[in-house]
Amino acid sequence: MSHLILSDQRRIWRKKPVLQYIYRDFYSRILRYASAGLTLEIGGGSGNLKEFLPNVISTDLVPSPWLDAAADAQRLPFVDKCLDNIVCVDVLHHIESPVRFLRESSRILKPGGKLLMVEPAITPISWLCYRCFHPEPVKMGADPLCEVTPDSARVPFDANQAIPTLLFGKYRRQLEDEFPEFKIEVIQLFSLFAYPLSGGFRNWCLIPAGVVKSLLVLEEWMSRLLGPLMAFRIFVVLEKRVSDSQPHLNTSESRHV
């Protein structure tokens with residue numbers, strides 16, 4: 001069943017130019033901050049990142065012929081300090097134990113390597129839309145740093161869309177204390193109109209392809225003001241410190257772009 005879901009997503013991607021424009025925006029943010037070198041994509045899904053970023057190993061928990069390997073983000077089959085980047089688009093909120101994933105990311109990233117993530121953002125307006133129109137739950141009472149033993153019977157697409165917002169918002173200080181080897185380089189709220197109107201990986205779309213580029217430019221200009229109220233996405237970049245002895249990054253020093 002999970003493989004059929006990915007196949008359906010791949011079919012929708014190919015026939016939906018609006019979705020492609022929106023994901024190009026996601027990938028351009030990732031490219032802006034990614035380090036040169038070898039990149040691991042986790043949750044590769046429909047297998048699109050390779051079109052935009054060179055030297056990518058694409059993986060997903062669900063095996064697919066267009067991906068390079070099947071891998072669990074909580075038990076990654078890579079040696080220590082072998083990667084320059086880890087890229088996740090809509091992955092963190094599906095991971096049963098984010099703490100285990102962050103430990104694995106720290107283990108396999110080289111010093112100076114980047115963990116780059118695009119995830120759902122929970123803001124007042126996006127919360128309402130996600131709760132009413134999206135099948136994945138939003139559980140704001142969850143503790144994203146609570147370690148659990150992964151359940152092998154768990155459905156791969158189980159999720160809590162609140163996890164990224166909680167982890168880099170309410171639980172940010174605890175995150176920095178637990179993972180001092182990571183420096184938070186970017187926390188950015190974005191995606192105001194185009195993404196929800198596109199329907200994502202569903203068959204419907206409420207905006208014509210011809211206006212998407214202009215709409216994305218308008219969104220970028222408006223995000224600083226309206227992001228905390230209505231952003232549907234959060235972009236986060238964590239950099240593995242070259243030296244673990246470096247001091248933690250203060251909240252005021254984090255780059256919000």
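The values are calculated or read from the model by the stated rules, or taken from the named source; none is laboratory data. Computed from a predicted model, the values in this text were never measured in an experiment. With ideal geometry, Cβ positions are generated from the backbone for all residues, glycine too; neighbour counts draw on all protein chains shown. Note: areas computed on protein heavy atoms with side chains; ligands, DNA, RNA excluded. Shrake-Rupley method; radii C 1.70, N 1.55, O 1.52, S 1.80 Å.
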Query raised in the report: Out of PHE101, PHE26, PHE133, any idea which swings most in a Gaussian network model of the chain, alpha carbons joined below 10 Å?
Result: PHE133
Query raised in the report: Ordering TRP13, TRP66 from largest to smallest accessible area (1.4 angstrom probe), what's the sequence?
Result: TRP66, TRP13
Report task. Springs between alpha-carbon atoms under 10 Å, Gaussian network over the chain: tell me which of THR149, THR123, THR59 tops the mean-square fluctuations. Result -> THR149
Report summary line: Placing each pseudo-label 7 Å from Cα in the direction of the beta carbon, ARG172 and ARG32 end up separated by a distance in nanometres of 1.8 nm
Report task. Indicate, rounded to the nearest 5 percent, the antiparallel portion of the DSSP beta bridges found entirely in the chain. Result -> 50 percent
Query raised in the report: Which distance in Å, rounded to a whole number, links the C-alpha centroids of the stretch 151-218 and the stretch 9-33?
Result: 14 Å
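Can you bin the stretch 122-205 into rounded, prolate or oblate? Criterion: square roots of the alpha carbon gyration tensor eigenvalues sorted a ≥ b ≥ c, rounded for a/c under 1.5, prolate for a/b above b/c, oblate for the rest.
Verdict is oblate for the stretch 122-205.
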Report summary line: Hits in the stretch 145-176: amide N under 19 Å from the 7 Å Cα→Cβ extension of LEU128, namely 162
Query raised in the report: If the cut-off is a Cα-Cα distance under 25 Å, which lysines reach LYS110, setting aside same-chain residues fewer than 8 apart in sequence?
Result: LYS50, LYS81, LYS183, LYS240
Query raised in the report: How much length, in nm to one decimal, is gained on full extension between LEU225 and LYS213, taken as 0.36 nm per residue of separation minus their Cα-Cα distance?
Result: 2.3 nm
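Could you do me a favour and compute the accessible area per residue for the stretch 73-181, 1.4 Å probe, result in Å²? Can you show the working numbers first?
Working: 4610 Å² over 109 residues.
Normalised by residue count, the accessible surface of the stretch 73-181 is 42 Å².
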Query raised in the report: For a paramagnetic label modelled at 7 Å from the Cα of GLU147 toward its Cβ, which residues of the stretch 169-190 fall within the zone defined by backbone nitrogen distances under 18 Å?
Result: 174-182
Query - Simple label model, 7 Å out from Cα along Cβ direction - TRP66 to ARG14, nm - result: 0.7 nm
Report task. Give me the percent of the accessible area of the chain that comes from carbon and sulfur atoms, probe 1.4 Å, all protein chains in place. Result -> 58 percent
